[in-house]
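Dumping the structure here so I can ask a few things about it.
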């Protein structure tokens, strides 16, 4: 019984105490990536926070464009109202809500840019 403990315990201790360092090995991922000709970055980003920043920036840019189009639409409705107070009121309401929405989106874009560039280690939230 003493031989079993002495023989197995050191081998078990070495196996548990010295696992492969996950940062030192990538299990052949880089080799496969190079062989397949795959890119090393997505949307110009090589990190997950950077990619999330690009996605958030793009989404906020699209929402800002929607609010801008709503502002143009409400202006067109107001100009073509021809004295109809109901259409003027509708255009004013749409213009106010679209302007508030655009301000909120721009503030969110500024916050996202700050967070992803400062706190995430230099990643960018530029969306276009």
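The values are calculated or read from the model by the stated rules, or taken from the named source; none is laboratory data. From a predicted model like this one, the values you see are computed outputs, not experimental measurements. So basically every Cβ, Gly included, is an ideal-geometry build from the backbone, and we count neighbours across all protein chains shown.
Might you check whether a residue that is at pLDDT below 80 and surrounded by 15 or more Cβ atoms within 10 Å (Cβ to Cβ) occurs anywhere in region 99-116?
First, the residues of region 99-116 that are at pLDDT below 80: 116.
Next, only the ones that are surrounded by 15 or more Cβ atoms within 10 Å (Cβ to Cβ) stay: 116.
Scanning region 99-116, I find at least one residue that is at pLDDT below 80 and surrounded by 15 or more Cβ atoms within 10 Å (Cβ to Cβ), so the answer is yes.
May I pose another question? Of the residues that sit in region 61-86 and are outside any loop (DSSP other than H, G, I, E, B) and touching a helix residue (DSSP H, G or I) at 6+ places or on another chain (Cβ under 6 Å), which one is modelled with the lowest pLDDT? Don't jump to the end; show me each part of the working.
Let us first name the residues in region 61-86 that are outside any loop (DSSP other than H, G, I, E, B), namely 61-79, 85-86.
Filter once more, so that each one left must be touching a helix residue (DSSP H, G or I) at 6+ places or on another chain (Cβ under 6 Å): 63-64, 67, 70-71, 74, 77-78.
On the way: 63: 92, 64: 88, 67: 92, 70: 93, 71: 92, 74: 95, 77: 95, 78: 93.
Taking the candidates together, the pick is 64.
Which of (1) on the phi < 0 side of the Ramachandran plot; (2) modelled with pLDDT under 90 does residue 128 not meet, given it meets every other one?
Of (1) on the phi < 0 side of the Ramachandran plot; (2) modelled with pLDDT under 90, only one is false for residue 128: (1).
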